[in-house]
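Everything below concerns the one structure shown next.
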């Protein structure tokens, strides 16, 4: 049995791990898009490093594009087999892969205009909307915490990880020449105190472990009363200053978590009577999917639903899809809350909202997620006094606040809390994935201190015999 790391190896994107069984079956764990890797990322996305036609199964940990975003290209290049994942993952992928395909086609159209003027050869998108639509037909739903046979020598068991709805650790029980072996891939590990989702749940004991490393060198800030902190900021901005509270938020999970917190405040009659806009077509569709997958919610969220009815709906909440309605929000002088994507403010309607409001000191921009230093949100987070949006320069007169309590990734203590339940002597090798090399080095040391042996940091394309 062999494993080869084709992505997520010393990078935080492009998750893609190929397992080859003794019987000759090829199983791919995740099929993620490389993002933000520059020229290397473009090259890596163009070449899988393996033949898609020879795969027997694909298993997904969750729906984020850095874990699923190359599925349409896989199908385009000849993969005809099943794509396994939870029901929530299937529904989110149907939405997010179409959105990714639209972005691919739009970006290439813009780039080709420039290349045509420069006399350079035109390029093609990685895949099309038609490829994304074709991919949806190959999904096969498997349930959490239920052993499922997928090949004669392999069964799969999914453990809820509370990263986003449907997110899972993937445990494979594989028949080898030396008996059955269990290989577990953690996927992205969520937080034990997630406000909406159930999990993370203890993993099955395993012979080999693939472990994410995103926050292997970090601790999250101490828990605070997030509802109270958010409410205070709403009062200061929208009531006392009569301003707008602008929140860049990722369309899946972060937006719904914010809506849920505001819903709770509204139910408790604490939220001021102001309009709340969710201005992102993708966020609106993702919220509808979350409404249909309450089976992923934790007991507290389900108890709130039993009292309130709808965790994502309250008076004065408006979901915006039409672009003209989005423009009208910017023209309005009323105090309000605007939640819009993208989370790093690199694209989408949020850039228009920031551009229209950043120079007014009455307003507040609230940052609630990871923001790369190059991004607009990252520059605001770093205290920029002036930013460039759509080619124009804007003075940063609005208040900028950061709430670091919303991360969907476990920190190193939270990850250790999950992994310490494993039978450590049984784990023969632990491979670190989904992280930067410097972070992995620190995380490796922490795992070794806690009792894990043979902790390995694989390079892209590197293979190991299990």
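The values are calculated or read from the model by the stated rules, or taken from the named source; none is laboratory data. Treat the numbers as computed from the prediction; the structure is a model and nothing was measured. A quick note on method: Cβ atoms are made from the backbone with ideal geometry, for glycine too, and the neighbour counts reach across all protein chains shown.
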Query raised in the report: Given the residues 36, 32, which is the only one that is modelled with pLDDT under 95 and more than 16 Å from residue 142 (Cα to Cα)?
Result: 36
Query raised in the report: Here are 245, 233: which of them is assigned to a helix (DSSP H, G or I) and either free of Cβ contacts under 8 Å to residues at least 24 places away in the same chain or under 28 Å from residue 409 (Cα atoms) (or both)?
Result: 233
Query raised in the report: Where in segment 20-82 are the helices (runs of 4 or more DSSP H), entirely inside, with at least 2 residues that are within 22 Å of the chain's Cα centre (by Cα), touching a residue at least 12 places away in the same chain (Cβ under 8 Å) and farther than 16 Å from residue 185 by Cα?
Result: 38-46, 71-76
Requested in this report: Answer with yes or no whether residue 119 is under 30 Å from residue 305 (Cβ atoms) and either crowded, with 19+ Cβ neighbours inside 10 Å or out of contact with any helix residue (DSSP H, G or I) (no Cβ under 9 Å at 6 or more places or on another chain) (or both).
Outcome: no
Query raised in the report: What number of residues in segment 193-226 are more than 23 Å from residue 452 (Cα to Cα), surrounded by fewer than 21 Cβ atoms within 10 Å (Cβ to Cβ) and touching a strand residue (DSSP E or B) at 6+ places or on another chain (Cβ under 8 Å)?
Result: 1
Report summary line: Scanning segment 149-161 for residues that are more than 21 Å from residue 211 (Cα to Cα) and surrounded by 15 or more Cβ atoms within 10 Å (Cβ to Cβ) gives 150, 151, 153
Query raised in the report: For segment 361-379, how many residues meet the condition of being touching a helix residue (DSSP H, G or I) at 6+ places or on another chain (Cβ under 8 Å) and over 23 Å from residue 411 (Cα atoms)?
Result: 5
Requested in this report: Go over the candidates 310, 331 one by one and state the one that is at negative phi, at pLDDT below 95, within 25 Å of the chain's Cα centre (by Cα) and surrounded by fewer than 18 Cβ atoms within 10 Å (Cβ to Cβ).
Outcome: 310
**Report entry** Restricting segment 265-286 to residues that are free of Cβ contacts under 8 Å to residues at least 60 places away in the same chain and surrounded by 21 or more Cβ atoms within 10 Å (Cβ to Cβ), the residue that is farthest from residue 63 (Cα to Cα)
**Finding:** 271
Query raised in the report: Which of the residues spanning segment 288-339 are under 18 Å from residue 254 (Cα atoms), touching a strand residue (DSSP E or B) at 6+ places or on another chain (Cβ under 7 Å) and not in a loop (DSSP other than H, G, I, E, B)?
Result: 296, 297, 317, 318, 319, 320, 337, 338, 339
Query raised in the report: Tally time: how many residues in segment 99-118 are free of Cβ contacts under 8 Å to residues at least 40 places away in the same chain and within 16 Å of the chain's Cα centre (by Cα)?
Result: 0
Report summary line: residue 96 vs (1) part of a loop (DSSP other than H, G, I, E, B); (2) over 23 Å from residue 20 (Cβ atoms): all pass except (1)
